[in-house]
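The values are calculated or read from the model by the stated rules, or taken from the named source; none is laboratory data. All values reported here derive from a predicted model rather than from experimental measurement. Every residue, glycine as well, gets a Cβ built from its backbone with ideal geometry; the counts of neighbours run over all protein chains shown.
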């Protein structure tokens, strides 16, 4: 259905952002996902986040693997280059793209099949390398495109639409990301746009490997009673650690927050993350505490959401490699090819 | 002289022994224990001969093991410049008891056995047709050194000193190489020189000079002596590669490591330390090629280097590169397959898996370097071709070329040469209103224009995917649209034919109905075999193919001959299959000559196989002539 073009009529109330673009300028093709799919809400949140961040769409590259979630980059940011790669391998392709041009913003979109099963290795290694990116897993606990098999994030005891009970332990992507050294780790829910949009904004502004696990119910195959990834279940068990406002360095801080309940974290680019704490003692700059909190609350059957961890001074892969500021894909012949005289010296050393 | 006494019982027989004599043309083989430090001593021996102005080819034949298993080092000495393996051994340096019997059996009649005579050996049981030279190396070492490690390491240097003396190598040559080798570690020079002298003195005192001699010559010229993997890595630097993603695997590891070394030298700012390259040791071969594809999509020249098992793992991404049309370069340093196969032995057995990598209908350009010089040239070329053709280019080395030092033409570079970035649509072209459709065949050569991410705010963006799409990169499952795209990819492969290096013809001195096709590391042994066959009155036109797809010259060559031998180093005659399949050739016309035991093909093997076939042919034609 992607060949259906959207009407380009601009509603007069669609206000332009600081770079003169309206929300429509951040949209993509018409989604071919099922009506009510959580993934479409995530696409809308990405559009909203980029619009609010005043991002020039062409400065962002969107990459994905294979599956329902991985189709979504076609449905947002139509003026960005996109790459729908192979199953489970988005992280390596994104890593290569990032090495080639460090100046673009990289958004990786994946699913629970793509990242927790076939792609678990690449998920782990791109996080531990500190690739500067925003990595979103649209997590519905089910293989949708092949009609309803359990995925590796399905909870033990969760029931499939056909009534089969899952006996395998789930893979906890957020817990893994924390252990693997991701420098921004969050979880959200596709049904909670108020929580999700600021998290995406903060992740995009974050310098380093940012991971967001978004529980995104599959309306066709995993939204029934007995599923632990249904809209109802997630709403009932959602235990947010904080609510986030992102204030870019250009914005004036106008909102007053009650002292004591608010934590401010200034990121590398100058943006300020204002976190309204829900449990008073939650500190998202403490990785170990984040892991402990996650494990303890999960044991109670809660789904912990919010900004779980951020290292505002994190490094990224280019720092570790020491690459030049100029993107590698912009280096010219003279930067790259040492020339005939240097080669003659090499010849001499080989005689 | 205990060793002389050892020989006494056989003295009478020894006086009748045949004795090989040769100047600057023989084969020396060292049998050692892996991890005993022999490799650098043996390399010193080979390089000393080279410095005497005599061409050598040295091959390390080693096990998949760090310490303990048998390893050999074979040095072909040839003033005539035959640098393939000849076959047979004229002087065996038998330093490994594990392989003693087999090593002795491999010596040519009249050849020489050099061994450590510290422990008495029953020489009467040995072959009567070889000459035996014993030197008590362990005893000499034990007397001279107290440290066990020194005893081991200097034993190797001592035998180099002894052999050099026996063959007539100028001691000054050995000594200057020791000086070069330990530049910066000067304290090691003196003890090494002493060990050399120790070996030389003992040998001259106890043993007669051999019938094999090295004499100063001027047959090396300006040639360089280098490993193919290092040459390919240097070619990648000159070819403008900036991203390397790799996973350690024998025999390709040293290619990535050499790339690191050359980048450190040529691509690192001496003041800031900033690098104009990015090298990532990935978690596996799949991630390696994924990184390469991502970087290629985003406009950086990128490569990975691997061997057969890695090629197996990379299949899906190679198909993506083919179908989504993304530049990538893969260096396949081939080893013995299938499966883990013989990881430290050589073969040319990835031809078909590389040519047709991935599911669905695919084919990929391959380059076949014959030696390190061509590794350099083809590496640099591969990056131009990858961007020009927007697809994966395979550079097909093998362990023999990759991990052995070869004497070859010096590297050359034309400073006027520019990197060919292919059909890239720029910001200015898009701004000026250029019509862009990612998969439109604008020029009729099957190659479409591409844009790089971030190029323009509103024009030129497209969605890259491995699924079927129309010329404007929009998802489509329409049959005619799919077929048109697949046909365009075929047209692009036709375009590739004109860009692949042309074959090299080596015509026979006489008109002949017989031809031979060969490629890659087979070349030097093939040339020697052709010379030998010609001397025996067997004339063969020979063609070295340098890449795939095959240009018309290859098919014309086959058409112009009644029979064509296809010489290669795998079991299934993979190049022959590729020629038959792609050229629509009658298989009966192509006779396979196949060596695939893991050791590099020898001139004798090729000569024997072709002679045998020609004999058979002569008989057949003779039989046919009868009424």
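Checking every residue in segment B:316-332 against the condition of being surrounded by fewer than 23 Cβ atoms within 10 Å (Cβ to Cβ) and away from chain A (no Cβ under 14 Å) gives zero matches.
Among residues of segment B:444-470 being more than 8 Å from every other protein chain (Cβ to nearest Cβ) and under 22 Å from residue A:66 (Cα atoms), the one that is farthest from the chain's Cα centre (by Cα) is B:470.
Within segment B:256-271, is even one residue within 26 Å of residue B:579 (Cβ to Cβ) and away from chain A (no Cβ under 13 Å)? Taking every residue of segment B:256-271 in turn, none turns out to be within 26 Å of residue B:579 (Cβ to Cβ) and away from chain A (no Cβ under 13 Å). Checked across segment A:312-320, the condition of being surrounded by 14 or more Cβ atoms within 10 Å (Cβ to Cβ) and at the interface with another protein chain (Cβ under 7 Å from one of its Cβ atoms) holds for no residue.
Using the structure shown, decide if residue A:307 is away from every other protein chain (no Cβ under 14 Å), in a strand (DSSP E or B), touching a strand residue (DSSP E or B) at 6+ places or on another chain (Cβ under 6 Å) and modelled with pLDDT of 90 or more. Judged against the criteria, residue A:307 is a match. Do we find that residue B:487 is surrounded by fewer than 20 Cβ atoms within 10 Å (Cβ to Cβ), closer than 30 Å to residue A:86 by Cβ and within 14 Å of chain A (Cβ to nearest Cβ) in this structure? Taking the combined requirement at face value, the residue does not satisfy it. Starting from residues that are free of Cβ contacts under 8 Å to residues at least 60 places away in the same chain and more than 19 Å from residue A:216 (Cα to Cα), keep the ones in segment A:177-196 and report whichever is surrounded by the most Cβ atoms within 10 Å (Cβ to Cβ). By that ranking, first place goes to A:180. Quick one: in segment B:338-349, of everything that is part of a loop (DSSP other than H, G, I, E, B) and in contact (Cβ under 8 Å) with a residue 60 or more places away in the chain, which residue is surrounded by the fewest Cβ atoms within 10 Å (Cβ to Cβ)? So, considering only residues that are part of a loop (DSSP other than H, G, I, E, B) and in contact (Cβ under 8 Å) with a residue 60 or more places away in the chain, the one surrounded by the fewest Cβ atoms within 10 Å (Cβ to Cβ) is B:343.
Filtered by the rule that a residue be touching a strand residue (DSSP E or B) at 6+ places or on another chain (Cβ under 9 Å) and either at the interface with another protein chain (Cβ under 10 Å from one of its Cβ atoms) or surrounded by fewer than 24 Cβ atoms within 10 Å (Cβ to Cβ) (or both), segment B:237-246 gives B:239, B:241, B:242, B:243, B:244, B:245. Here segment B:272-310 is the region considered, the condition is being more than 7 Å from chain A (Cβ to nearest Cβ) and farther than 15 Å from residue B:245 by Cβ, and the residue that is surrounded by the fewest Cβ atoms within 10 Å (Cβ to Cβ) is B:272.
Yes or no: segment A:26-45 includes at least one residue that is at pLDDT below 95 and part of a helix (DSSP H, G or I). The answer is yes; a qualifying residue exists.
Within segment B:404-433, restricting attention to residues that are away from chain A (no Cβ under 13 Å) and farther than 25 Å from residue B:240 by Cβ, the residue that is surrounded by the most Cβ atoms within 10 Å (Cβ to Cβ) is B:404. For segment B:439-451, the set of residues classified as in contact (Cβ under 8 Å) with a residue 60 or more places away in the chain and assigned to a loop (DSSP other than H, G, I, E, B) consists of B:439, B:448, listed by residue number. Of the residues B:101, B:80, B:105, the single one that is within 30 Å of the chain's Cα centre (by Cα), surrounded by fewer than 15 Cβ atoms within 10 Å (Cβ to Cβ) and closer than 28 Å to residue B:219 by Cβ is B:80. Residues of segment B:467-482 that are in contact with a helix residue (DSSP H, G or I) (Cβ under 8 Å, 6 or more places away or on another chain) and surrounded by 20 or more Cβ atoms within 10 Å (Cβ to Cβ): B:469 alone. Here residue A:55 fulfils each of the conditions (1) touching a residue at least 40 places away in the same chain (Cβ under 8 Å); (2) more than 8 Å from every other protein chain (Cβ to nearest Cβ); (3) over 23 Å from residue B:427 (Cβ atoms) apart from (3). List the number of the failed condition for residue A:285; all other conditions in (1) in contact with a strand residue (DSSP E or B) (Cβ under 7 Å, 6 or more places away or on another chain); (2) closer than 23 Å to residue A:176 by Cα; (3) surrounded by fewer than 18 Cβ atoms within 10 Å (Cβ to Cβ); (4) at pLDDT below 95 hold. Going through (1) in contact with a strand residue (DSSP E or B) (Cβ under 7 Å, 6 or more places away or on another chain); (2) closer than 23 Å to residue A:176 by Cα; (3) surrounded by fewer than 18 Cβ atoms within 10 Å (Cβ to Cβ); (4) at pLDDT below 95 one by one, residue A:285 breaks only (4). The residues of segment B:168-188 that are modelled with pLDDT of 95 or more, surrounded by 15 or more Cβ atoms within 10 Å (Cβ to Cβ) and in a helix (DSSP H, G or I), listed by number, are B:171, B:173, B:174, B:175, B:177, B:178.
Within segment B:413-433, the residues that satisfy the criterion of being free of Cβ contacts under 8 Å to residues at least 24 places away in the same chain and in a loop (DSSP other than H, G, I, E, B) are B:414, B:415, B:416, B:417, B:418, B:432, B:433.
Inside segment A:321-351, can you point out the residues that are in a loop (DSSP other than H, G, I, E, B), surrounded by fewer than 17 Cβ atoms within 10 Å (Cβ to Cβ) and either more than 8 Å from every other protein chain (Cβ to nearest Cβ) or modelled with pLDDT of 95 or more (or both)?
A:322, A:325, A:326, A:332, A:339
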